[in-house]
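Undergrad: Got a structure here, written out as structure tokens. Questions coming.
Values in this text are rule-based calculations from the coordinates and carry no lab data. Predicted model, so just to flag it, every value in this text is computed and none were measured. Because the Cβ atoms are built from the backbone with ideal geometry, glycine has one as well, and the counts that use them run over all protein chains shown.
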Amino acid sequence: MVHPLLLKVGDGDFSPLQFNGLFLWLDASQLGLADAAAIATWNDLSSNGRNFSQGTADNRPAFKAAIQNGRGIARFDGSNDFLQSVANQTLSQPSTWFVVARRTGNTSAYNRVLYTVDNGELGFDNEVNTTYIYAGEASYPDEAAADSAFHIIAGGFKANSSILRVDGVQGVGDIGPNNIANQAMFIGHSTNPLAGDVGEIILYSGQLSTADIGRVESYLASKWGIAIS
């Protein structure tokens, strides 16, 4: 029997748990909520207990069932929806981030998917059809990602040797040297809020190899029905 946190992909049963350094794993399809239910808590599957929550009812995103490849997602309204880590977090560079998400509005503004103030950020840029990662450098890298479609966005946070991949297509750049140091992390945010959907978030401490990044991308592509290069 396949473990419930394993998924059959092209190279066999795979789980994010198989790689060392798993820092955070959130999967909206495993929230177990009814369609349109408010998400008060989103629990970490990494066993690290890095859960996210929202105590204010009006600021909770909604669970929407069977949205992408038959799987449920977390929907953020682009106004005031966000979730905050229950505890402050510390994550130094290098680190590797993966997000399955799409933007559905606010296309002329930054849309923060995963955010800490100044020290680590991944989201959609203030231009249409564009994603970005950031950690203090003004000339951060961005990559094309058509709005309204789901994408696999992978960020390799390593100062001036950082990478940003969208559906397997890679760019490089300088994101800045900042580290997350005892800070709250947010999914969405009240400033530059996310108008869109989030399916899955996976973070590793440390830099994954190109081959291992590709394996996580293949797992996400198979699971969420997203074509990658």
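Undergrad: Based on the mean of other Cβ atoms within 10 Å per residue, sort peptides 49-61, 214-226, 160-172, 187-199 so the most packed one is first.
TA: 187-199, 214-226, 160-172, 49-61
Undergrad: Okay, helix-only estimate at 222 nm for the chain: each DSSP H run of n ≥ 4 adds -39500 (n - 2.57), divide by all residues, round to 500 deg cm²/dmol; what do you get?
TA: -2000 deg cm²/dmol
Undergrad: Quote the FRET efficiency, to the nearest 0.05, computed for Ser161 versus Asn129 with a Förster distance R0 of 25 Å and r equal to the Cβ-Cβ distance. Please list the in-between numbers first.
TA: Working: r = 26 Å, r/R0 = 1.02.
Rounded to the nearest 0.05, the efficiency is 0.45.
Undergrad: Tell me the net charge near Ala159. Cut-off is 15 Å between Cβ atoms, Ala159 excluded, with +1 for each Lys or Arg and -1 for each Asp or Glu.
TA: -3
Undergrad: Right, another one. Provide the gained length on full extension for the span Val172 to Ala149, in nm with one decimal, where the gain is 0.36 nm per separating residue minus the Cα-Cα distance.
TA: Roughly 6.0 nm would be gained on extension.
Undergrad: Does the chain come out rounded, prolate or oblate by the C-alpha gyration tensor, with a ≥ b ≥ c the root eigenvalues, rounded set by a/c under 1.5 and, if not, prolate when a/b is larger than b/c and oblate if not?
TA: On the way: a/c = 1.24, a/b = 1.03, b/c = 1.20.
Rounded.
Undergrad: Going by C-beta contacts inside 10 Å, put Glu127, Glu143, Glu137 in order with the fewest on the left.
TA: Ranked by crowding around the Cβ, least crowded first: Glu127, Glu137, Glu143.
Undergrad: Work out the FRET efficiency for Ala40 and Ala211 from their Cβ-Cβ distance, taking R0 = 30 Å, and round it to the nearest 0.05.
TA: Working from the Cβ atoms, E equals 0.20.
Undergrad: Compute the separation of the alpha-carbon centres of the range 120-141 and the range 201-217 and state it in Å as a whole number.
TA: For the range 120-141 versus the range 201-217, the Cα centre distance is 19 Å.
Undergrad: Still on this structure, please answer the following. Express in nm, to one decimal, how much length is gained between Asn20 and Asn48 on full extension, taking 0.36 nm for each residue of separation and deducting their alpha carbon distance.
TA: On the way: separation 28, 0.36 × 28 = 10.08 nm, distance 1.27 nm.
Full extension from Asn20 to Asn48 adds 8.8 nm.
Undergrad: If you don't mind, there's one more thing I want to ask. Short version: ³J(HN,Hα) in whole Hz for each residue of the range 24-34, in order, from phi by Karplus 6.51 cos²θ - 1.76 cosθ + 1.60 (θ = phi - 60°), x for Gly and Pro, what are they?
TA: These are the phi-based 3J(HN,Hα) values: 7, 9, 10, 10, 5, 5, 9, 5, x, 9, 6 Hz.
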